[in-house]
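Read the structure below first, then the notes.
The values are calculated or read from the model by the stated rules, or taken from the named source; none is laboratory data. All of these numbers come straight from a predicted model, not from anything done at the bench. No Cβ is skipped: glycine too gets one built from the backbone with ideal geometry, and neighbour counts run over all protein chains shown. Note: accessible area is taken over every heavy atom of the protein model, side chains too, but ligands, DNA and RNA are not part of it. Shrake-Rupley method; radii C 1.70, N 1.55, O 1.52, S 1.80 Å.
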Amino acid sequence: MRGAFFSLLVAAAAFLFVDLREMSLASAALPGHDPMTTDAPVLPPALTDGGPQVAPAEPQSSPQVLRQPIRFELLPGGQLKAEGSIDPGAADRFAEEIAARGEYVKAVSLNSPGGSVDDALAMSKLIREKGLNTKVATKALCASSCPLVFAGGVAREAEEDAILGIHQVFNAGQEKPSAEQAMSGAQSTTARIARHLDEMGIGSGLWINALETPPDRLYYLTPQEMVEFRLTTAPVATAKQAD
């Protein structure tokens, strides 16, 4: 399984090497999905080709709430709500929150359009280190880098009509890298994500869907895919029974 997993990484890297300059030119016109610094919608359109085509529901939270830097609120039952965009520095604030309230926290409930990959990975690792569960509630959003945080949970639950979506990582900074820098950065980041998901026990095919999805689109995961890729560990609570 591990060998097949990293074979997929090699194939992805080869694809990047062949088409990088064309991809860079094409991506220059895309707004990317950075709710904090662009006018891109909090809930981007689905893939134009392939499926699934639409999100399962509209987010319950307003765009204004989701665009703000991520905030943490301890709810009854040991549930820590993490809501907002994963801005640079979010992982440090999350670690401080866990250090202050860790004895009370049993699960992290996510409602985020994503953001910094570095911070998402750090949050995910801390969640697993502390043995916490993760959850995406009904009509809550967990998109872009947020599913990386979700993957850290020991038990992972997506309620009915939870919205989980993934897409390519991209550079949201003001300075744009050269084609060579972009290739190196993309390969390094993809490897880090893939290794982390593997360590979290997530199926290798999950991030292939992200690699194929432009940064101004989302690949919306179905409940069946979440179970198939082992992104969720509570299939009964995740999906409606098929007719």
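Skip the ligands, DNA and RNA, and give the accessible area per residue of the range 126-172 with a 1.4 Å probe, whole Å². Working shown, then result.
Numbers: 1390 Å² over 47 residues.
Accessible area per residue: 30 Å².
Ligands, DNA and RNA left out, the 1.4 Å accessible surface of the range 55-156 is 48% carbon and sulfur atoms. Gain on full extension, evaluated as 0.36 nm per residue between T138 and D118 minus their Cα-Cα distance, stands at 4.5 nm.
Summarising the label geometry, the points placed 7 Å from Cα in the beta-carbon direction at E160 and S62 lie 2.9 nm from one another. In order along the range 111-119, the phi-based Karplus estimate (6.51 cos²θ - 1.76 cosθ + 1.60, θ = phi - 60°) of 3J(HN,Hα) comes to 8, 8, x, x, x, 4, 5, 4, 5 Hz; Gly and Pro are listed as x.
Cβ-Cβ distance of R101 and V54, R₀ of 35 Å, FRET efficiency by 1/(1 + (r/R0)^6): the value works out to about 0.40. The simple Förster model, with R0 at 30 Å and r as the Cβ-Cβ distance, assigns L75 and S188 a FRET efficiency of 0.25. In sequence order, the range 145-162 has phi-based couplings of 7, 4, x, 5, 5, 4, 4, x, x, 5, 10, 10, 10, 10, 6, 4, 6, 5 Hz under the Karplus curve 6.51 cos²θ - 1.76 cosθ + 1.60, θ = phi - 60°, and Gly or Pro positions carry x. Extension gain for D92-T222 works out to 43.6 nm (0.36 nm per residue, less the C-alpha to C-alpha distance).
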